[in-house]
Amino acid sequence: MTGQPAGETPRPASYYHLARAVLVREFLLFVRYPANAIGGIVVSLFFFGLLFYGGRMIAGQALTDSLEGIVVGYFLWTLAVGAYSSISNDIGSEVQWGTLERHIMTPFGFAPVALLKGVAKVVRTFLTSAVILAVMLLLTDTTLQLPVVTITVVAGLAIASVLGLGFAAGGVAVLYKRIGNWLNLLQFGFILLISAPAFDLGWTKFLPLAQGSALLQRAMIDGTRLWEFPALDLLVLVGVAVGYVVLGYALFEAATRRARRLGVLGDY
Amino acid sequence: METQERPQTSADAAATDEPPDDAALVVEGLAKRFGSGEAAVTAVDDVSFSVGRGSVVGLLGPNGAGKTTTIKAILGMVLPDAGSVRIDGIDVSEQPSAAYANVDAMLEGARNDYWRLTVRENLRYFATIGGVDPDSVTARHERLLDQLDLTEKADEAVRDLSRGMKQKVSLASVLATDADVVFLDEPTLGLDVESSLTLRRELRRIVDERSLTVVLCSHDMDVIEAVCDRVVIMNDGRVIADDTVERLLSGDGTQRFSVASSDIGEALLARLRKRFEVTQVTTDGERTRVEVATDSEGFYDLTDQLRAADVTLDSVNTAQRDLEDVFLGLTDDGEGRR
């Protein structure tokens with residue numbers, strides 16, 4: 001360590017300090033620049049309004065019958081889109097700003113920093129999606145079960161798999177640069193994943209979001225609590241979440257390694 | 001105006017020296033090629049140098065000399081094809097986290113910090129990322145803000161500051177960590193003359209105060225001359241000189257003497273060329289100014305020659321070499337190029 005002027009002894013930062021720094025930064029940006037969050041909420045609700053009122057005009061009773069499922073699915077979709085875009089765009093921005101390098105050189109190692117940043121994004125997305133859910137329920141006059149612990153755990157694990165996709169997309173952005181808009185198109189693929197028949201078509205439960213979506217529907221529509229789900233279903237949920245995070249991070253690592261070999265890391 | 005070749009400096013001896021045992025940074029045989037086949041470009045070719053603990057080394061070179069690739073390879077941003085980098089004795093390819101634990105960098109053309117956070121928030125954030133509890137270095141941060149004239153702007157978002165101020169914040173955020181090896185790429189870029197002077201003075205003071213090891217890349221020779229203990233000059237991907245600023249400036253012990261007279265004709269000029277290293281000849285109407293590179297003994301010889309030719313001198317001056325002369329001499333396509 002460097003020589004210090006008298007009366008000053010730097011203490012090493014712990015993971016607590018790291019988590020605090022990352023979360024505080026996210027919080028500050030959230031409260032200081034609310035336009036982004038509010039804009040996201042308004043756009044999401046606008047599209048939901050189109051879906052709801054447009055669908056009711058066309059499909060009438062059919063839509064009303066499946067309204068609860070649509071609200072839960074849309075809630076999960078906003079969560080997934082928020083987490084995915086924030087993590088993939090964040091990596092792209094960090095490369096552009098020259099701050100990614102500083103995170104890569106951190107003595108904590110990049111993986112814990114990236115994971116904590118991902119968690120911070122998910123927490124922020126939960127807040128905005130909760131507002132969207134509340135407005136959707138008011139708008140459609142629908143009632144859902146809201147077991148907070150179950151929803152937090154199931155939705156959190158469901159979008160963890162999306163974080164993995166975000167890392168992979170971020171890696172692609174590091175390598176090929178300004179392709180963020182193309183990568184954002186992937187968000188529409190989440191609709192298919194959320195509506196995948198995980199309980200009827202077994203293999204689909206291993207796709208990102210699918211198992212989490214199915215369990216979330218049960219929790220919010222039928223009121224099933226976390227401990228009432230079959231252990232195997234929860235195990236699959238956890239396995240899929242961990243698997244996609246690990247796979248996504250591995251792809252990010254591989255992409256950054258290739259970018260370093262090509263000398264294009266940070267060259268925007 | 002006629003211009004002769006500049007005298008060659010002999011200041012690259014240090015490049016071949018063995019790195020000292022306590023070197024903070026050792027680069028050995030670094031090589032990197034981009035592309036393949038005929039389109040391949042050699043960016044860095046067998047680059048070796050070391051930086052002693054607590055010293056400031058300037059990395060100089062024309063555009064495309066390989067400075068940025070070298071720095072990026074040291075920092076792990078570019079994977080080299082060959083060679084090794086050790087920071088505090090730790091090989092960066094084997095133990096990157098440990099090797100970079102006390103390293104930070106300010107890269108050219110990048111923000112290096114978050115513009116939507118305030119200056120103070122940036123210092124706290126990057127201190128933490130750099131492995132220091134920010135609460136334990138509050139006093140250092142306040143001092144840094146003061147030294148870089150940022151105290152008044154400490155609670156403003158960086159995005160609202162001028163370009164020069166942003167540059168200072170970028171530097172402050174690097175110095176806010178507890179890094180003892182720091183890479184600064186063009187730290188004075190975009191600063192006005194006064195800010196640049198302040199920054200180089202404070203940078204040197206901070207470096208001495210904290211015994212920092214610094215690798216500084218800049219096109220501003222004044223910054224390099226004012227702040228650096230040693231200079232590594234690169235050209236075409238290779239190190240062509242590596243020595244202290246003083247030795248680079250003193251070169252081979254010669255000075256340049258400039259004599260002006262209306263009595264210097266072509267015949268005398270030809271004799272002077274044969275006897276001395278004439279570096280420059282300019283004519284202004286009747287008057288001819290001749291610049292000669294020689295030592296003090298040679299200068300006496302020169303005055304004897306001029307007296308013998310019955311030359312009445314209008315003026316005699318000594319020309320002090322600066323780092324820019326040395327740099328140009330080494331990187332020009334002349335004899336100075338190795």
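Taken together, the values in this text are just the output of simple stated rules run on the coordinates, not laboratory data. Bear in mind the structure is a predicted one, so any value in this text is a computation, not a measurement. Cβ: placed from backbone, ideal geometry, glycine included. Neighbour counts: every protein chain shown.
Only DSSP H runs of four or more residues enter the estimate; each adds -39500 (n - 2.57), and after division by the residues of the protein assembly as shown the mean residue ellipticity at 222 nm equals -16500 deg cm²/dmol. In chain B, taking the dipole from charged Cβ atoms about the Cα centre, the farthest positive-side position among B:Val57, B:Thr151, B:Gly76 is held by B:Thr151. Suppose we look only past 18 Å in the calculated P(r) of region B:253-320. What percent of the Cα-Cα pairs does that tail hold? Result for the distance tail: 25 percent. What the Cβ-Cβ distance of B:Glu94 and B:Asn317 gives, at R0 = 56 Å and to the nearest 0.05, is a FRET efficiency of 0.50.
For chain B, modelled as a GNM whose springs connect Cα atoms under 10 angstrom apart, the maximal fluctuation among B:Arg230, B:Arg53, B:Arg289 occurs at B:Arg289.
Lysine pairs in the protein assembly as shown whose alpha-carbon atoms fall under 17 angstrom of each other, counting only those eight or more residues apart or on distinct chains, come to 4.
Mean-square fluctuation check for chain B, GNM, Cα pairs under 10 Å: which of B:Ser218, B:Ser258, B:Ser170 is largest? Most flexible of the set in this elastic network: B:Ser258.
So what is the diffusion coefficient of chain B in µm² per second by Stokes-Einstein at 25 °C and 0.890 mPa s, using a Kirkwood Rh over Cα pairs?
My calculation gives 110 µm²/s for D.
Couplings 3J(HN,Hα) for region B:95-108, derived from phi with the Karplus relation 6.51 cos²θ - 1.76 cosθ + 1.60 (θ = phi - 60°), are 9, x, 4, 5, 5, 8, 4, 10, 10, 9, 8, 10, 9, 5 Hz, where x marks Gly and Pro. Okay, which of region A:117-150 sit inside 19 Å, backbone N to the point 7 Å along the Cα-Cβ direction of A:Arg225? Backbone N within reach: A:144-150. Taking 7 Å steps out from each Cα toward its Cβ at B:Asp160 and B:Lys274 produces label points 7.6 nm apart. Quick one: among B:Gly298, B:Gly52, B:Gly37, which has the greatest mean-square fluctuation in a GNM of chain B with alpha-carbon springs under 10 angstrom? Among B:Gly298, B:Gly52, B:Gly37, the largest GNM mean-square fluctuation belongs to B:Gly37.
Can you put A:Ile38, A:Ile194, B:Ile240 in order of Cβ neighbours within 10 angstrom, beginning with the fewest?
Ascending Cβ contact count within 10 Å gives the list A:Ile38, B:Ile240, A:Ile194.
Distant-in-sequence amide contacts of B:Gln280, defined by a placed amide H-H separation under 5 Å and a gap of 5 or more residues or a different chain, comprise B:Gln4, B:Glu291.
Direction-averaged shadow area of the convex hull around the Cα atoms of region A:81-224, nm²? Answer in nm², one decimal: 9.9.
Across peptide A:93-101, the mean count of Cβ atoms from other chains lying within 10 Å of each residue's own Cβ comes to 5. Along its three principal directions, the equivalent ellipsoid of region A:65-142 from the Cα gyration tensor extends over semi-axes of 34, 11, 9 Å, largest first. Over the protein assembly as shown, the ratio between the Cα radius of gyration and 2.2 N^0.38 Å evaluates to 1.27. Going by neighbour counts of Cβ atoms within 10 Å, the residues A:Lys117, A:Lys177, B:Lys32, B:Lys168 line up, fewest first, as A:Lys177, A:Lys117, B:Lys32, B:Lys168. Once both labels are positioned 7 Å from their Cα atoms along Cα-to-Cβ, the gap between A:Val43 and A:Tyr176 label points is 2.1 nm. At q = 0.15, 0.20, 0.21 Å⁻¹, what log₁₀ I(q)/I(0) does a Debye calculation on the Cα points of region B:155-311 give, no solvent, two decimals? Listed by q, the Debye log ratios stand at -0.86, -1.18, -1.26. Our estimate of slack between B:Val193 and B:His219, defined as 0.36 nm per intervening residue step minus the Cα-Cα distance, is 7.9 nm.
Test of understanding: what is the full-extension gain from A:Asp141 to A:Tyr53, defined as 0.36 nm times their sequence separation minus their Cα-Cα distance?
Length gained between A:Asp141 and A:Tyr53: 30.4 nm.
The dipole here belongs to chain A: it is taken about the Cα centre, uses +1 on the Cβ of Lys and Arg and -1 on the Cβ of Asp and Glu, and is about 820 debye.
Panel values: region A:16-262, Kirkwood radius from alpha carbon pairs, Stokes-Einstein at 37 °C and 0.692 mPa s, translational diffusion coefficient 175 µm²/s.
Placing +1 on the Cβ of every Lys and Arg and -1 on the Cβ of every Asp and Glu, with nothing else charged, gives region B:253-320 a dipole about its Cα centre of roughly 160 debye. Taking a span of 20 Å or more along the helix axis (Cα atoms) and a mean Kyte-Doolittle hydropathy of at least 0.5 as the rule, the DSSP H helices of chain A that qualify are A:15-32, A:34-59, A:67-97, A:110-140, A:148-176, A:231-262. Note on B:131-138: average number of Cβ atoms from other chains within 10 Å of each residue's Cβ is 6.
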